[in-house]
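Here is the structure we will look at, set down as structure tokens.
The values are calculated or read from the model by the stated rules, or taken from the named source; none is laboratory data. Predicted, not measured: the structure shown is a model, and the values here were computed from it. Positions of Cβ are generated from backbone atoms using ideal geometry, with glycine treated the same way; all protein chains shown enter the neighbour counts.
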Amino acid sequence: MIRTDGLKSYNSFMPGDEEKNLIRRSKNGEREAFRQLEARYYRRIFNFGYAMARNLDDASDIAQEAFVLAWTHIGNFRGESSFITYLNRIARNVSLDLRERRRHSPNLTVDDVLRLRDPDLPPRADGDSPI
């Protein structure tokens, strides 16, 4: 879709067929297809995370975790909404989880919050965790 001023509209960020193809390939386990989705949507999810957290480090963590969760659960994506809507919902949930946990324990990182939700996650690289 092209706007009258010649700029691409917001809704045509990625042509529908191309996005659907990348999602289908991602569901089949093709990491490169998912990397293409991530490359196209990372900035928007990062900005969304920043709007939620108002902190660059947290925004980066939120975006990274949103994509990890999206990849892990890509098989659950039914396509009833756009993929960006799906990613925004995941990023929103990660942000809200972080905010809630920090309210009770202000020193928790995003990694710590995720471990509280999923104890099977591997340990942090620095080995330092308050939980």
Within region 107-116, the residues that are in contact (Cβ under 8 Å) with a residue 40 or more places away in the chain and among the hydrophobic types (A, V, I, L, M, F, W, C) are Val110, Leu114
Test: Phe67 is touching a residue at least 60 places away in the same chain (Cβ under 8 Å), at negative phi and surrounded by 19 or more Cβ atoms within 10 Å (Cβ to Cβ): no
Could you count how many residues in region 66-91 are farther than 19 Å from Gly29 by Cβ and assigned to a loop (DSSP other than H, G, I, E, B)? 3
Single residue of region 36-59 satisfying the filter (closer than 13 Å to Val110 by Cα and in contact (Cβ under 8 Å) with a residue 40 or more places away in the chain) that is nearest to the chain's Cα centre (by Cα): Gly49
Listed by first then second residue, the pairs whose first member lies in region 77-106 and is modelled with pLDDT under 85, whose partner is surrounded by 13 or more Cβ atoms within 10 Å (Cβ to Cβ) and not polar (S, T, N, Q), with beta carbons under 6 Å and at least 6 positions apart or on separate chains, are Arg101/Leu108; Arg101/Val113; Arg102/Leu108
Please determine whether any residue of region 36-43 is at pLDDT below 90 and assigned to a helix (DSSP H, G or I). no
